[in-house]
Amino acid sequence: MPNLPRTNFSFTTFLLTGFPGLEWAHCWISMPIFAGYLVAVLGNITILHLVRTENSLHQPMYYFLSILAVTDLGLCMSTLPTVGVLWFDARTIGLVSCILQQHFLHSFSFMESAVLFAMSLDRLVAIRFPLRYATIFSGPRVALVGAVLGLRSAAISAAPSLHVFTFQYCHLGALSHAYCLHQDMIHLACSDTCFNSIYGLCIIMLAMGSDVLFILISYTIILFTVLSIASARERLKALNTCVSHILAVLCFYVPVLGLSIVHRFGRHVSPVVHVLMGTVSVLFPPLMNPVIYSVKTQQIRQAILKVVSLGNLQ
């Protein structure tokens, strides 16, 4: 399709993509996806409720977990409205709505990465400096860390999001997923997108890349610290406190890495794979984090059983 003159016309709506070739099954496909969103939302709300009401969970580790739950809720709510693409075939989205959605989605993604890094520091301090742990990560300090990470994530996503408002969109086409992504929007623009492309790559490398690096450094120090403990039982106990966090890190970064690989090297792969990987990358971490911490963390498991038993008694 030839480029249209950017000064004469600009599209102000975008087309969201469902599962190409499977439009007849969108209603059925939407059911497990919506169920996943529902479980993710309810699971993270449950985590927040337990941390707020159970005195045994008033500890730095669980304060960080509550920040992670809020971030996961943000990820869910950022993309949940576009489930309508599958359910109601509502494929169009306005320019402003699309820009806001991609901004919140990327902000919460950066926030998730930053919180996982903060939680690795929490485990490092708990294992290496156990006597000073409660002092270093007091409740107000954890709240301050959460606020700073939230502002940082929103700030680094603000510049490209604001710049997207100035683009002319003269390439009519569908976005790659059932939600808006920054890289999708700049592909449909006929304006100069160099700033957004370079800035986007830089913040991913500097923000998420540094988070991954510091997580690896934290766990390297944790491993050396644990190996210096004489008792095998104590070593196992210390490592066991890190299992839930390690699984949460894998649940976030593995789908993101898979989506990046598919975007970069899977141009000839079926579009269904792109859509499926995109859905997994935004839904899998919020869905699995409450499950992981409920199964692997004894205190949360006991709190859930306590709530269930009280409900049965009533």
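What to note about this one:
- Scoring THR92 on the criteria (1) free of Cβ contacts under 8 Å to residues at least 60 places away in the same chain; (2) closer than 21 Å to GLY18 by Cβ leaves a single failure, condition (1).
- Hits in region 241-269 - residues which are touching a residue at least 24 places away in the same chain (Cβ under 8 Å) and surrounded by fewer than 15 Cβ atoms within 10 Å (Cβ to Cβ): VAL243
- Within region 186-213, the set of residues being at pLDDT 85 or above, within 20 Å of PHE165 (Cα to Cα) and within 18 Å of the chain's Cα centre (by Cα) comprises ILE203 only.
- All conditions in (1) closer than 20 Å to LYS296 by Cα; (2) out of contact with any helix residue (DSSP H, G or I) (no Cβ under 9 Å at 6 or more places or on another chain) hold for PHE252, with the sole exception of (2).
- For beta carbons closer than 6 Å, sequence separation of 6+ or different chains, a first residue in region 206-232 that is under 16 Å from LEU250 (Cα atoms) and a second that is part of a helix (DSSP H, G or I) and polar (S, T, N, Q), the qualifying pairs are MET208/SER113; ASP211/SER113; ILE215/SER120; SER218/SER120.
- Single condition CYS242 does not satisfy, out of (1) under 19 Å from the mean Cα position of the chain (by Cα); (2) under 26 Å from ARG123 (Cβ atoms); (3) of a type outside the set (D, E, K, R): (1)
- Qualifying residue in region 269-278 (condition: closer than 17 Å to LEU48 by Cβ and either assigned to a helix (DSSP H, G or I) or at pLDDT 80 or above (or both)): no
- Taking the listed residues LEU216, LEU162, LEU149, the one that is over 30 Å from VAL295 (Cα atoms), in a helix (DSSP H, G or I) and modelled with pLDDT of 85 or more is LEU162, with no other qualifying.
- Filter result for CYS180 (in contact with a Lys or Arg (Cβ under 8 Å, 6 or more places away or on another chain) and in contact (Cβ under 8 Å) with a residue 40 or more places away in the chain): no
- Output for region 140-158, where each listed residue is farther than 20 Å from GLN102 by Cβ, of a type in the set (Gly, Ala, Ser) and touching a helix residue (DSSP H, G or I) at 6+ places or on another chain (Cβ under 6 Å): GLY146
Results for (1) surrounded by fewer than 21 Cβ atoms within 10 Å (Cβ to Cβ); (2) in contact (Cβ under 8 Å) with a residue 24 or more places away in the chain; (3) part of a helix (DSSP H, G or I); (4) of a type in the set (A, V, I, L, M), shown as yes or no for each residue.
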{"residue": "HIS49", "(1), (2), (3), (4)": "yes, no, yes, no"}
{"residue": "LEU73", "(1), (2), (3), (4)": "yes, yes, yes, yes"}
{"residue": "VAL85", "(1), (2), (3), (4)": "no, yes, yes, yes"}
{"residue": "GLN101", "(1), (2), (3), (4)": "yes, yes, yes, no"}
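- Yes/no for ALA248 being under 25 Å from VAL291 (Cα atoms), modelled with pLDDT under 85 and either of a type outside the set (D, E, K, R) or not in a helix (DSSP H, G or I) (or both): no
- Hits in region 278-291 - residues which are crowded, with 17+ Cβ neighbours inside 10 Å and either β-branched (Val, Ile, Thr) or under 13 Å from TYR179 (Cβ atoms) (or both): GLY278, THR279, VAL280, SER281, VAL282, LEU283
The values are calculated or read from the model by the stated rules, or taken from the named source; none is laboratory data. Everything numeric here is computed off the predicted structure, so don't read it as measured data. Positions of Cβ are generated from backbone atoms using ideal geometry, with glycine treated the same way; all protein chains shown enter the neighbour counts.
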